[in-house]
Amino acid sequence: MTSSEPESSPAPAVAEDSGSARPGELPLLRLRAITKSFGPVQALEGVDLDVPAGLVTALVGDNGAGKSTLIKAIAGIYQPTSGEMWWQGTKATFHLPRDADAAGIATVYQDLALCDNLDIVQNMFLGHEQRRLGLLDENDMERRTATTLAELSVTTVKSVRQLVGSLSGGQRQSIAVAKAVMRDAKLVIMDEPTAALGVAQTAQVLELIRRLADRGIAVLVISHNLNDVFAVSDRIAVLRLGRMVAEGPVSDFDRQSTVQLITTGVVSGDEDGEGSGEFA
């Protein structure tokens, strides 16, 4: 690992405002020229991406655009075929998911990886149980769970000993995110966090995402719902057929232009209209 800064490559859509890292401040995560091939299939090609701390970056694109491949490359599940990743200003390679986890990158997938037959405390500490004098320290784990949920303003669960299988979709998302926060994640990646949620539960999850950013945590969100994207994001990055076709502050985008970028990779001269808010 080295601490020298990579040469910056031009971003397709950039303006210096609240959706960018402050001048002179390096992004928490920086990807440069990332490619990933599966045999003859080129899933990612020359992808550049900056993810600043304390901001919500939305990663959007149609099915097959390479979104899942990209976040798995960040999370250490896939090894990029070529390209460089810089984490906190230092060149980094994550060979396994535990390497990314140890660095402070937490990924919340759609299935959430929660155990329905265990309660909230047991899920929060699964694989990282606290012990005292050789025994499980149930009191400390309950205290830390309750404190973390309170700090994130998760107030809808009745008890930290409630079975996860009895929780709503929004509550389950909250538990998965709280688990990442409790382990001092610096970047939380969320894959379709509002998929199949109702209006109230979606609002709950979007509020939680904003609270993460307010705590200085970087959030990278994959979403097909443009209403959610524009409601919660500071930055937008658009993938199309494995290429990053646009990246920049949310103020550089509107729904119409974003849909055009997703479907064609370019924006036509006519940018009137707001679009439908959904592209898949």
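Quick notes
- For region 65-85, the count of residues that are assigned to a strand (DSSP E or B) and aliphatic (A, V, I, L, M) is at least one.
- Test: residue in region 88-105 that is assigned by TED's automatic domain parsing to the domain that holds residue 37, in contact (Cβ under 8 Å) with a residue 12 or more places away in the chain, part of a loop (DSSP other than H, G, I, E, B) and buried (at least 20 other Cβ atoms within 10 Å of the Cβ): yes
- Every listed requirement among (1) in contact with a helix residue (DSSP H, G or I) (Cβ under 7 Å, 6 or more places away or on another chain); (2) part of a helix (DSSP H, G or I); (3) surrounded by 20 or more Cβ atoms within 10 Å (Cβ to Cβ); (4) modelled with pLDDT under 95 is met by residue 201 save one, (3).
- Apart from one condition, residue 57 fits all of (1) in a helix (DSSP H, G or I); (2) of a type outside the set (Lys, Arg); (3) crowded, with 20+ Cβ neighbours inside 10 Å; the exception is (1).
- Taking the conditions (1) at pLDDT 95 or above; (2) of a type outside the set (A, V, I, L, M); (3) surrounded by fewer than 22 Cβ atoms within 10 Å (Cβ to Cβ) in turn, residue 50 satisfies each one other than (3).
- Any chance residue 177 is over 30 Å from residue 31 (Cα atoms) and in contact with a helix residue (DSSP H, G or I) (Cβ under 8 Å, 6 or more places away or on another chain): no
- Residue pairs meeting the criteria (Cβ under 9 Å; at least 6 apart or on separate chains; first closer than 16 Å to residue 189 by Cα, in region 70-87; second surrounded by 20 or more Cβ atoms within 10 Å (Cβ to Cβ) and of a type in the set (Asp, Glu)): 71/191
The values are calculated or read from the model by the stated rules, or taken from the named source; none is laboratory data. From a predicted model like this one, the values you see are computed outputs, not experimental measurements. Here Cβ is always computed from backbone atoms with ideal geometry, including for glycine, and neighbour counts include all displayed protein chains.
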